[in-house]
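The values are calculated or read from the model by the stated rules, or taken from the named source; none is laboratory data. This is a predicted model, so every value here is computed, not measured. Ideal geometry is used to build each Cβ from the backbone, glycine not excepted, and the neighbour counts take in all protein chains shown.
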Amino acid sequence: MRDVDLFQMALGLETPWFVDRTEFDAEAKRLDLYLDFRKGGRFRCPACGKGGCPAHDTSEKTWRHLNFFQHEAYLHARVPRVACEACGVKLVEVPWARTGSGFTLLFEAMVLALVKSMPVAAVARLVGEQDTRLWRVVHHYVEVAREEVDYAAVHRIGVDETSLKRGYHYLTLFVDLDGTRVLFATEGREADTFRAFREDLEAHGGHADRIWEVCMDMSHAYRKGQREHLPHARITFDRFHVVKLLNEAVDQVRRAERKEAPELTRTRYLWLKNSSNLSQSQQRHLAQLLLGQSHLRTVKAYQMKLAFQDFWELPASEAGRFLDAWCRWARGSDLGPMARFAQTLEQHRQGILRWFQTRISNGLLEGLSSLVQAAKARARGYRSTRNLIAMIYLMHGKLPIFQPI
Ligand SMILES: [Zn+2]
């Protein structure tokens, strides 16, 4: 068998295409395959699909292909344009690459497989290409796949923000709580992120009127966005967010008291973590503070926090009464941060108690932000938020699987 026949079979070339010749340069670690089409070959018009069109003229193109062992491989061909009666002069589609790409389909499939498990910049180094070229491949397939996704059956969503750059640049994620997939990601954390979500939802066959449940934090912007764009949804405030605010209140009490009670220095984690997550020596330290320093306001705030933990274990019928009693206790105390937290609870009472009906939280996805951190690691040196969002869709959008050929 001649080498050109071998490569022809390996590439799966069909008539009129054939391998004309090969050039192998061992020193440059490079294999070049020159393809051509048979004289009088007929092609399909890429616009209308009409077959049997003769070549009008040709232009030379090159594509990077999968490595041949350790050698970079390139395909070269003169690609014909057809003169279609209906559509005019059009560049034909070749079977090994999509129009406009400098890579073959198999090379692109390999890139997509690799970027799911390692940073794009590392893949770029591995294959010896510019990462910007690889990002273009990622964007193309994510966009094509997202055109296929169907949001018609989405009824319960989680909304959460995640910070991109140390707290001044945010991303808002909309997640399907039943399908555990990221539906939509966008920059910012304003009310308008809900408008963008609604438009994307409806572009994918979903209906804003049929989003019945939303789990989110208590931010003013999100509540405004929900009222305006998902008006039929009932809100469950994310319990992990509620606990986070409670912990912040306890820590504010501690920090204010630290000046007069030096024993509180470097005890932040003792009060924030569940005692079961503390080491033995940390547990002993906490017990000493609780027993010996019961006059401290921090101890009082901590006791309120412990009492609040029981809240989530209550039967639904008792939750409202407990919440009201707890808020009275906190507001009647002389602990400003705890009183303000209680006031927040009272203002959001309905959505907090809603949890006892829906049991939904954004912890269902093991913390949306850890999802993003993982995508961020894959997208390391991601250059733009647009790149990061594409990576989030690729990894967590449950997109239709890419079939190269
Ligand atoms: Zn045509």
Selected residue (only one of ALA113, ALA152 is modelled with pLDDT of 95 or more and either part of a loop (DSSP other than H, G, I, E, B) or small (Gly, Ala, Ser) (or both)): ALA152
Given (1) modelled with pLDDT under 95; (2) away from the ligand (no atom under 16 Å from the Cβ), index of the condition PRO54 fails: (2)
Hits in segment 70-86 - residues which are out of contact with any Leu (no Cβ under 9 Å at 6 or more places or on another chain) and more than 16 Å from the ligand (Cβ to nearest atom): GLN70
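Inspect all residues belonging to segment 50-61 and state whether any of them is in contact with a Gly (Cβ under 9 Å, 6 or more places away or on another chain), exposed (fewer than 15 other Cβ atoms within 10 Å of the Cβ) and not small (Gly, Ala, Ser).
The answer is yes; a qualifying residue exists.
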Cross-chain or 6+ apart pairs with Cβ under 7 Å, segment 8-29 first and on the phi > 0 side of the Ramachandran plot, then surrounded by 11 or more Cβ atoms within 10 Å (Cβ to Cβ) and not in a loop (DSSP other than H, G, I, E, B): LYS29/HIS71; LYS29/GLU72
Where ARG64 falls short, out of the listed (1) within 12 Å of the ligand (Cβ to nearest atom); (2) modelled with pLDDT of 95 or more: (1)
Pick from segment 167-196, criterion part of a loop (DSSP other than H, G, I, E, B) and at negative phi, ranking: surrounded by the fewest Cβ atoms within 10 Å (Cβ to Cβ): TYR168
Residue satisfying all of: in segment 197-226; among the small types (Gly, Ala, Ser) and surrounded by 15 or more Cβ atoms within 10 Å (Cβ to Cβ); nearest to HIS241 (Cα to Cα) among these: SER219
Test: residue in segment 102-119 that is of a type in the set (Asp, Glu) and away from the ligand (no atom under 16 Å from the Cβ): yes
Among (1) over 30 Å from ARG349 (Cβ atoms); (2) in contact with a Gly (Cβ under 6 Å, 6 or more places away or on another chain) - the single one ARG284 does not satisfy: (2)
Hey, GLY205 over 27 Å from VAL115 (Cα atoms) and either assigned to a loop (DSSP other than H, G, I, E, B) or among the aliphatic types (A, V, I, L, M) (or both) or not: yes
Condition check for GLU318: free of Cβ contacts under 8 Å to residues at least 40 places away in the same chain and farther than 16 Å from ILE352 by Cβ: no
